[in-house]
Amino acid sequence: MHVEGLAQDTLCIHAGQAADEVSGAVMVPISLSSTFAQDGPGRHKGYDYSRAGNPTRTALESCLAHLEGGKHGIAFGSGCAATSAVLFSLKSGDHVLVGDDVYGGTFRIFDSVLKSWGLDATFLDMSDPGAVRAAIRPNTRLLWLETPSNPKLKIFDIAAIAEIAHEAGVPLAVDNTFATPMLQRPLDLGAKLVVHSTTKYLNGHSDVVGGAVITSDDAIADRLHFLQKSLGAVPSPFDCYMVLRGLKTLGVRMKQHVHNALIIARFLESHAQVERVFYPGLASHTGHAIAARQMKGPGGMISFDLKGGLSAATAFLKALRIFTCAESLGGVESLAEHPAIMTHASVPPETRRALGIGDGFLRLSVGVEDIEDLKQDLERGFHAARNLV
Ligand SMILES: *Cc1c(COP(=O)(O)O)cnc(C)c1O
């Protein structure tokens, strides 16, 4: 199907997913074969070995590329594998400038894996683009950021930072996991690479671990295809199918996530037991104006400081019945977690303190359930934490 010019809601369902030429199957078939017949040596239909290329994976990669407005999609076995592949395109002695608030596993790749390979990383608050310009070194080869960031929901100005990266001749990579292409398209704003954990909103049903990189730069794409094949962290055909299936409803899901999260953020902001709410959709958020400019909606993630510290936070999480106390995010079901103990335990305590990820700091992934049920559930949590304030 010719999908050029179609809207995001249509691309989710159709991009890369023409009906099967052999059978007419409407859903992309799961191609399990590890190898592909060749007419003669080196004469094949575009596939020779499934690590290098697979038809189900191609469909997923094409759909993701269309959604992000990029030319190339490269899928991986996890978000961390996608991140690693991007970083493996650098070499020892290179320097990377990284937003100071990133997914704990991303921090771990920089800090505990690639540092010993000679890759140098500086973490800084990119809220001030001037500080980003000042931190670029002669050996800086990549800028990396998340916006909204995990878990503080900081907003960084993609266009302004992309401009600085461009001046310095350095590519900007944006981890777009929290926003998804439905709400934010970093390539349109000047980023060179978009990275995703498809585990989250893109699949949306908490039953796949996967990742992807999207770019319009042919040279970067060639290198990443080479690394995908060489490092081998590829997603299974079944997982590719699952993400394609999840993507079909990405449009409607994101609308409901945003709708519910906005109501919950306002509810939390007005609650006596809440110290502070972090949600880009609130006027009180420092990045509100930039978010309104670069995003189509503020997303489904909220974090907040609960009064009463660790004992209150623990009681709160234990009392919830609809929100599940679990890591991860972006599924249809609501989740709640304690970053300092759970997702961001690999971030050093002093860094966590500097970022303000304290004992009463909680993160919500607001699902698509009924909003009144969700509010009542949070009331249950507040009730359990009340005596502990
Ligand atoms: C989960 C996550 C990752 C890592 O993805 P995995 O699929 O768990 O490897 C990277 N970035 C962000 C923002 C995430 O939330």
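The values are calculated or read from the model by the stated rules, or taken from the named source; none is laboratory data. None of the values given here were measured: they were computed from a predicted structure. Every residue, glycine among them, receives a Cβ derived from its backbone with ideal geometry; neighbour counts consider all protein chains shown.
Some values worked out for this structure:
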{"quantity": "Residues satisfying the stated conditions in segment 180-213, i.e. part of a loop (DSSP other than H, G, I, E, B), among the polar types (S, T, N, Q) and either more than 12 Å from Met254 (Cα to Cα) or within 11 Å of the ligand (Cβ to nearest atom) (or both)", "calculated": "Thr198, Thr199, Asn203, Ser206"}
{"quantity": "Residue count for segment 331-349, restricted to those that are without any contact (Cβ under 8 Å) to a residue 40 or more places away in the chain and part of a loop (DSSP other than H, G, I, E, B)", "calculated": "5"}
{"quantity": "Enumeration of residues in segment 215-235 that are without any contact (Cβ under 8 Å) to a residue 12 or more places away in the chain and out of contact with any helix residue (DSSP H, G or I) (no Cβ under 9 Å at 6 or more places or on another chain)", "calculated": "Ala219, Asp222, Phe226"}
{"quantity": "Flag for Phe107 being over 22 Å from Ser78 (Cβ atoms) and either within 16 Å of the ligand (Cβ to nearest atom) or surrounded by fewer than 20 Cβ atoms within 10 Å (Cβ to Cβ) (or both)", "calculated": "no"}
{"quantity": "Count of residues meeting criterion [among the acidic types (Asp, Glu) and out of contact with any strand residue (DSSP E or B) (no Cβ under 9 Å at 6 or more places or on another chain)] in segment 177-221", "calculated": "2"}
{"quantity": "Scope segment 105-125; condition within 18 Å of the chain's Cα centre (by Cα) and either of a type in the set (Ser, Thr, Tyr) or within 18 Å of Phe156 (Cβ to Cβ) (or both); matching residues", "calculated": "Thr106, Phe107, Phe110"}
{"quantity": "Restricting segment 292-307 to residues that are closer than 19 Å to His271 by Cβ and in contact with an Asp or Glu (Cβ under 9 Å, 6 or more places away or on another chain), the residue that is surrounded by the fewest Cβ atoms within 10 Å (Cβ to Cβ)", "calculated": "Lys307"}
{"quantity": "Hits in segment 306-351 - residues which are among the aromatic types (Phe, Trp, Tyr) and touching a Gly at 6+ places or on another chain (Cβ under 6 Å)", "calculated": "Phe316"}
{"quantity": "Flag for Pro151 being closer than 22 Å to Leu282 by Cβ and crowded, with 19+ Cβ neighbours inside 10 Å", "calculated": "yes"}
{"quantity": "Top-ranked residue in segment 81-96 [being within 14 Å of Val170 (Cβ to Cβ) and in contact (Cβ under 8 Å) with a residue 60 or more places away in the chain; ranked as farthest from the ligand (Cβ to nearest atom)]", "calculated": "Ser89"}
{"quantity": "Subset tally (residues that are farther than 29 Å from Glu333 by Cα and free of Cβ contacts under 8 Å to residues at least 40 places away in the same chain) for segment 171-213", "calculated": "4"}
{"quantity": "Subset of segment 313-330 (residues that are in contact (Cβ under 8 Å) with a residue 24 or more places away in the chain, away from the ligand (no atom under 12 Å from the Cβ) and not in a helix (DSSP H, G or I))", "calculated": "Leu320, Arg321, Ile322, Phe323"}
{"quantity": "Evaluation of Ser216 against (1) within 14 Å of the ligand (Cβ to nearest atom); (2) in contact with a Gly (Cβ under 8 Å, 6 or more places away or on another chain) (one fails), failing number", "calculated": "(1)"}
{"quantity": "Long-range neighbours under 7 Å by Cβ, at least six apart or interchain, first residue on the phi > 0 side of the Ramachandran plot within segment 134-154, second part of a strand (DSSP E or B) and away from the ligand (no atom under 11 Å from the Cβ)", "calculated": "Leu153/Phe278; Leu153/Ser303"}
{"quantity": "Check on Ala59, in contact (Cβ under 8 Å) with a residue 40 or more places away in the chain and of a type in the set (A, V, I, L, M, F, W, C)", "calculated": "yes"}
{"quantity": "Output for segment 236-245, where each listed residue is touching a Ser or Thr at 6+ places or on another chain (Cβ under 8 Å) and farther than 10 Å from Ile30 by Cβ", "calculated": "Val243"}
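Rundown of residues vs (1) over 23 Å from Asn176 (Cβ atoms); (2) part of a helix (DSSP H, G or I); (3) at pLDDT below 95, yes/no style:
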position: Met1; (1), (2), (3): yes, no, yes
position: Leu6; (1), (2), (3): no, no, no
position: Asp9; (1), (2), (3): no, yes, no
position: Ala18; (1), (2), (3): yes, no, yes
position: Arg51; (1), (2), (3): yes, no, no
position: Thr58; (1), (2), (3): no, yes, no
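Residue-by-condition table, conditions (1) within 13 Å of the ligand (Cβ to nearest atom); (2) of a type outside the set (D, E, K, R); (3) modelled with pLDDT of 95 or more; (4) within 22 Å of Phe123 (Cβ to Cβ):
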| site | (1), (2), (3), (4) |
| --- | --- |
| Asp157 | no, no, yes, yes |
| Ile161 | no, yes, yes, yes |
| Ala168 | no, yes, yes, yes |
| Phe178 | yes, yes, yes, yes |
